[in-house]
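For reference, the structure is listed below as structure tokens.
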Amino acid sequence: MTQHRVTKPEGLHGAAAVAHFGVLALALGYTAMIAIHRPPLAAMIGGSPLSTQVRAQLMSSLALWTVVAAALMAAGLVWARRHDRGPTSAGDLAAELWPLTLLPVAWYVFDIAAWSASPVLLYAVASAAVGYCVIRTELPPARHHWRAWPRVRAAAPRATVVLGIAAYVGYVSTFTICNHHSLGTAAFDLGIQENVLWNTTHGNVLYSSLMHGHYLGVHTSLVLLLVAPLFAAVPTAETLLVLQTAVLAAAAWPLYLLARTALDSEAQAVVIALLWLSHPAVAGANFYDFHPVAFAPLFLFSAWFFWFEQRWRPFWVCIALVLTVKEELAILVVLIGIVTLLNGARRQGWLLVGVGATAFVVLQHVVIPHFAGGAHSYSWYYADLIPAGEGPRGLLTTLLLNPVFTLGFALTGTRLLYVFQLFSPLAFLPFVTARGWVLVSYGLAATLLASRPPLHQIGFQYALSLLAMGFAAAILALAGLSLSWRRRALAAAVMLAVVTCYHYGMIWPRHNFTGGFHTIDFDYTDEEKRVYRELMDLVKAIPPEATVLASEDLVPHVAGRRIIETERYALTRAPLRFDVVLVHNDGSAQRMREVPYLGGLRDYDVVHTEHFVMFTRR
């Protein structure tokens with residue numbers, strides 16, 4: 001049987017061999033120095049504000065261990081020559097052990113403090129190191145381990161994806177509910193969606209008192225009508241949290257089918273599906289309340305699967321579903337149409353462009369203004385690029401007249417970090433082809449040019465549609481590579497996904513995993529459980545027909561009613577009379593002076609509890 005192994009470059013000779021031998025010894029010495037002395041790597045990255053004594057000690061240690069490493073490798077060469085085994089020259093040894101030169105990089109890349117001090121720099125270093133490994137290594141051919149069990153071999157990929165989906169749903173559902181019970185959710189946006197669905201299931205379709213009007217005046221998320229029957233059956237915030245988790249996890253299945261069809265490889269399709277399930281941006285959006293855009297990846301991946309198979313009827317059903325998610329997704333339909341044109345399907349391509357463009361105009365400029373009572377845009381998201389008074393067209397003017405300024409604005413540190421976080425687990429494959437650039441163009445522009453930080457942070461829902469298009473673009477890129485380079489690219493994606501998940505993921509160590517505006521705390525303590533029980537005792541005492549004013553993080557627990565308002569906006573709107581006011585009790589006199597002002601609560605009875613105060617109108 002032919003033996004396959006990782007191939008290594010030919011041995012070096014002369015000065016090159018000596019240089020590589022020295023670099024290898026220095027890398028091993030540096031690794032030993034860090035392992036023994038554990039210097040503050042974050043401080044060393046930030047300019048090395050170490051004392052002279054510490055610097056001298058580290059230099060001495062570096063010199064010592066470099067010499068030790070060189071001596072050990074030289075001794076190994078002498079032994080190899082005597083026994084005629086292994087590398088027998090410095091050049092051969094350097095060629096054999098070249099991966100060890102990357103050990104110092106690993107120390108920095110996986111050091112939490114160092115990464116926090118300079119994430120963009122270390123992302124670039126990690127990406128370069130992974131790229132170096134991929135270029136220098138030729139992977140062995142894939143092996144089929146279940147030749148004797150063809151049924152197992154046939155079922156294993158699908159079973160792996162299904163188990164991954166089930167594990168995601170179980171894990172994330174548990175902790176999103178814990179996060180909700182520990183008051184980690186808010187009126188914006190879980191309370192809004194719950195109130196919209198409650199009103200919808202009680203005859204006031206897509207109305208929300210939190211929005212002071214029809215929800216279609218803000219977003220054309222008609223997909224909520226599909227959610228309404230489930231919410232009617234179990235009308236709780238927990239229903240929405242579990243549903244969102246299930247929808248995001250289920251997107252891995254059409255993604256797997258898409259990759260399997262495009263790449264003709266079960267194993268590679270499984271890897272791509274697992275990359276989706278493990279991506280911190282997916283989990284981050286999942287832990288940030290509930291948003292209709294969570295349906296976008298499921299519908300988009302399904303559409304792409306049928307696109308690859310040229311099954312146009314189910315494809316158009318999926319496109320119609322995409323258009324129900326949010327008005328801006330019509331632009332993604334236009335981009336899919338452009339890629340379809342580039343692939344030579346002119347009829348379907350032009351139809352997609354026309355449908356997407358028409359849908360965007362109708363949804364953004366007809367439906368939303370009709371229900372909002374006037375023109376409505378989110379140009380204020382891009383305030384730094386739009387001079388005062390110019391409106392949405394000002395952004396286009398800035399793009400055309402000040403392209404250098406715009407590019408500099410888009411490539412600042414936090415935005416570059418966002419790009420690394422999103423696309424390094426895809427080995428930056430969306431940027432390999434022109435089609436990939438087309439697919440991610442709108443998402444990149446919409447997020448990188450925004451003035452509001454949430455639009456370029458992975459803990460928010462804004463990343464989902466861009467990431468979904470990125471996965472589709474990555475599969476298109478992989479489909480154009482040779483089998484060898486495709487496997488190398490996926491290996492690079494897995495390695496960079498490990499780095500990203502280590503620093504920003506929800507599994508371990510979870511030190512920087514965010515959902516929305518907060519770092520998620522996975523410890524649901526006994527005290528938090530007691531506070532939640534106290535809150536539920538108060539909520540149960542509120543009649544279903546009562547109108548309620550509540551603190552921002554209490555709204556999702558009482559939003560299942562016709563009229564609900566948040567405390568933080570009550571001061572900026574006309575005084576309203578509420579049947580119940582539910583607020584936090586911090587025990588301060590200032591707090592108690594503020595609360596009555598919110599609704600003129602002098603004619604209310606007061607229920608004091610340890611953590612909350614409830615005012616009930618007499």
Kindly indicate which of Val339, Val333, Val317, Val322 is part of a helix (DSSP H, G or I) and more than 23 Å from Ala434 (Cβ to Cβ).
Val317
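Condition first: β-branched (Val, Ile, Thr), part of a loop (DSSP other than H, G, I, E, B) and crowded, with 18+ Cβ neighbours inside 10 Å. Now tell me which residues in the range 219-238 satisfy that.
Here is the first cut: in the range 219-238, the residues β-branched (Val, Ile, Thr) are 220, 223, 227, 234, 236.
Then drop every residue that is not part of a loop (DSSP other than H, G, I, E, B), which leaves 220, 223, 234, 236.
Correct list: Thr220, Val223.
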Given the conditions (1) closer than 25 Å to Leu263 by Cα; (2) out of contact with any Leu (no Cβ under 7 Å at 6 or more places or on another chain), every one holds for His376 apart from (1)
Collect the residues in the range 295-321 that are surrounded by fewer than 24 Cβ atoms within 10 Å (Cβ to Cβ) and among the hydrophobic types (A, V, I, L, M, F, W, C), keeping them in residue-number order.
Phe306, Phe308, Trp312, Phe315, Trp316, Val317, Cys318, Ala320, Leu321
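Is it the case that some residue within the range 413-422 is small (Gly, Ala, Ser) and surrounded by 13 or more Cβ atoms within 10 Å (Cβ to Cβ)? Before you say what the answer is, go through the steps one by one.
As a first pass, look at the range 413-422 and keep what is small (Gly, Ala, Ser): 413.
The next check asks that each one be surrounded by 13 or more Cβ atoms within 10 Å (Cβ to Cβ); those that pass are none.
No: zero hits.
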Among the numbered criteria (1) out of contact with any Gly (no Cβ under 8 Å at 6 or more places or on another chain); (2) surrounded by 22 or more Cβ atoms within 10 Å (Cβ to Cβ); (3) hydrophobic (A, V, I, L, M, F, W, C), which single criterion is violated by Val169?
(2)
A careful count of residues in the range 373-392 that are assigned to a helix (DSSP H, G or I) and within 15 Å of Lys326 (Cβ to Cβ) gives 1
Out of the range 290-304, which residues are part of a helix (DSSP H, G or I) and within 18 Å of the chain's Cα centre (by Cα)?
Pro292, Val293, Ala294, Phe295, Ala296, Pro297, Leu298, Phe299, Leu300, Phe301
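Condition check: in a helix (DSSP H, G or I) and touching a helix residue (DSSP H, G or I) at 6+ places or on another chain (Cβ under 9 Å). Does Val361 satisfy that?
Numbers: in a helix (DSSP H, G or I): yes; touching a helix residue (DSSP H, G or I) at 6+ places or on another chain (Cβ under 9 Å): yes.
Taking the combined requirement at face value, the residue satisfies it.
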Cβ pairs under 7 Å, 6+ apart or interchain, first in the range 385-399 and over 13 Å from Ser451 (Cβ atoms) and free of Cβ contacts under 8 Å to residues at least 12 places away in the same chain, second of a type in the set (D, E, K, R) and surrounded by 13 or more Cβ atoms within 10 Å (Cβ to Cβ), ordered by first then second residue, are Thr397/Glu390
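Identify, from the list Leu72, Leu50, Leu28, the residue that is out of contact with any Ser or Thr (no Cβ under 7 Å at 6 or more places or on another chain), free of Cβ contacts under 8 Å to residues at least 24 places away in the same chain, hydrophobic (A, V, I, L, M, F, W, C) and within 22 Å of Leu122 (Cβ to Cβ).
Details: Leu72 fails: within 22 Å of Leu122 (Cβ to Cβ); Leu28 fails: free of Cβ contacts under 8 Å to residues at least 24 places away in the same chain.
Only one candidate passes the filter, namely Leu50.
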Within the range 516-526, is there a residue that is in contact with a Gly (Cβ under 6 Å, 6 or more places away or on another chain) and within 20 Å of Pro454 (Cα to Cα)?
yes
Just one of Thr500, Thr547, Thr519 is exposed (fewer than 15 other Cβ atoms within 10 Å of the Cβ), at negative phi and either at pLDDT 95 or above or polar (S, T, N, Q) (or both); which is it?
Thr519
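Condition check ((1) aliphatic (A, V, I, L, M); (2) more than 30 Å from Ala427 (Cβ to Cβ); (3) at pLDDT 85 or above) across all residues:
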| position | (1), (2), (3) |
| --- | --- |
| Arg38 | no, yes, yes |
| Gly46 | no, no, no |
| Thr52 | no, yes, yes |
| Leu58 | yes, yes, yes |
| Ala71 | yes, yes, yes |
| Trp79 | no, yes, yes |
| Ala113 | yes, no, yes |
| Thr137 | no, no, no |
Kindly state which strands (runs of 3 or more DSSP E) lie completely within the range 492-588 and contain at least 1 residues that are of a type outside the set (Asp, Glu) and out of contact with any helix residue (DSSP H, G or I) (no Cβ under 6 Å at 6 or more places or on another chain).
548-550, 580-584
3 or more residues in contact with a helix residue (DSSP H, G or I) (Cβ under 6 Å, 6 or more places away or on another chain), of a type in the set (Ser, Thr, Tyr) and over 25 Å from Pro39 (Cα atoms): qualifying helices (runs of 4 or more DSSP H) within the range 54-127
none
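Looking only at residues in the range 239-259 that are among the polar types (S, T, N, Q) and surrounded by 20 or more Cβ atoms within 10 Å (Cβ to Cβ), which one is nearest to Leu197 (Cα to Cα)? Full working, then the answer.
Residues of the range 239-259 that are among the polar types (S, T, N, Q), as a first pass: 239, 244-245.
The next check asks that each one be surrounded by 20 or more Cβ atoms within 10 Å (Cβ to Cβ); those that pass are 244-245.
Details: Gln244: 14, Thr245: 18 Å.
Among them, the one singled out is Gln244.
The values are calculated or read from the model by the stated rules, or taken from the named source; none is laboratory data. None of these values were measured; they are calculated from a predicted model. Here the Cβ is made from the backbone with ideal geometry for all residues, glycine too, and neighbour counts use every protein chain on show.
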